[in-house]
1. Along the charge dipole of the chain, Cβ charges K/R +1 and D/E -1, which of 74, 202, 17 sits furthest on the positive end?
2. Report the Cα centroid-to-centroid distance between region 228-284 and region 109-139 in angstrom, as an integer.
3. Quick one: what does P(r) look like for the chain with 10 Å bins over all Cα pairs, in whole %?
4. How about region 254-361: which GluC sites (Glu not before Pro) there are in a DSSP loop, with at most 15 other Cβ atoms within 10 Å of their Cβ?
5. Would you compute the Debye intensity of region 122-224 from its alpha-carbon atoms alone, equal scatterers and no solvent, and pass along log10 I(q)/I(0) at q = 0.10 Å⁻¹ to two decimals?
6. Return a whole-number percent for the relative contact order of region 210-354, with Cα pairs under 8 Å and 6 or more residues apart as the contact set.
7. Which whole-Hz ³J(HN,Hα) couplings does region 184-190 yield from phi under the Karplus relation 6.51 cos²θ - 1.76 cosθ + 1.60, θ = phi - 60°, glycine and proline marked x?
8. Would you mind working out the accessible area per residue for the chain, using a 1.4 Å probe, and quoting it in Å²?
Amino acid sequence: LIKKTDECYNDFEPTRAGRLIQEFVDEHLSNWYVRLCRRRFWKGDYTEDKISAYQTLYRCLEAISQISAPIAPFFCDRLFTDLNKVSQRHNAVSVHLTDYPKADEASIDRDLEERMQLAQKISSLVLGLRKKVNIRVRQPLQKIMVPVLDEKFRAQLQGVEQLILSEVNVKELEYLTETTGVLVKKIKPNFKTLGPKYGKLMKQISAAIADFSQEEIAIIEEQGSYTIEVDNQQIILGNEDVEILSEDIPGWLVATESKITVALDITISEVLKQEGIARELINRIQNLRKEKGFEVTDKIELYVQKHSQITDAIINNNEYICSETLAVKLNYADVVEDVSKAEVDISEDIKTFVSVQKASN
């Protein structure tokens, strides 16, 4: 980002620089890094991992204040001085008196960037499938399947597997090395690209593409091109010349973007349903903590009024609920007597009362 924005400013294109900064802050820093690192920021002791999380965020904010200073001078000066007041890394009293940061080429990790892009893309596809059938993210699902394109793809995916599973709330990821019989691909011509090149042959080309086997579809996916013969003429089809889709299979939903395909198991077992209820309850308790102004480290006394549809979920996930809400104990009572109790909706047809009090010790 430092390198790209520097080039933009040198070319007198501040608008392009601003858009690059906006995309980085919104999509990569705020919506990805900070959101996924929340647990690192507040949970546990002041370990090396927590220190690294804070220092990375600090370095990003400091650099943003410097590269954004030419187009947002007042805000960036306040951001810089607030940061520097704590760290005293710079002798300058203003961001405008510091040098523009230099990109450290040795710190650029292309493989890491590709892994993160892969994680974001797969997560986006799975979340899109959830939305398609109105399954909330707090409801755990059992499995996603991803066809492995090559060994590099497998290695990169393994590097971010746990991140993806946590982000989309799915228990396991299965790597498919042979998709025949599991995921069935469909292919159709892209007339926008093929028309201008092979107008008179489009009918024959379309018919040939419709007859592609699963193996031929796999070849054009993996190699990026495939050659066919039409009217004694060699036709080279590229990825941009066709559209490849995956058919849904019973109990699963399938989505494809570029070369990446994911299949999501949307069957919700009783165990998964109970965990989903527990997660919804945790969310309501956390909201009550915020409303009462509790610190994130405050321990609480938790009272939940009994409801027949949540009993098994609470019994089987008691320790998990207490751990996530910092409750010293979960009191599951016939009636919650506390006058400050709040009625919460666990789902459309499940309501109960919850009381949250700061623990005495």
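1. Positive-end residue among those listed: 74.
2. So the two Cα centres are separated by 11 Å.
3. 4, 17, 20, 22, 20, 12, 4, 1, 0
4. Qualifying residues, ordered by number: 295, 337, 348.
5. -0.43
6. Working: 157 pairs, mean separation 23.7, N = 145.
Once normalised by length, the contact order is 16 percent.
7. Values, residue by residue: 9, 8, 10, 9, 9, x, 9 Hz.
8. Numbers: 21160 Å² over 361 residues.
Value returned for the chain: 59 Å² of accessible area per residue.
The values are calculated or read from the model by the stated rules, or taken from the named source; none is laboratory data. Just so we're clear, the structure is a prediction, and the values are computed from it rather than from any experiment. Cβ atoms come from the backbone with ideal geometry, glycine included; neighbour counts cover every protein chain shown. SASA here: full protein model, heavy atoms, side chains in, ligands and nucleic acids out. Shrake-Rupley method; radii C 1.70, N 1.55, O 1.52, S 1.80 Å.
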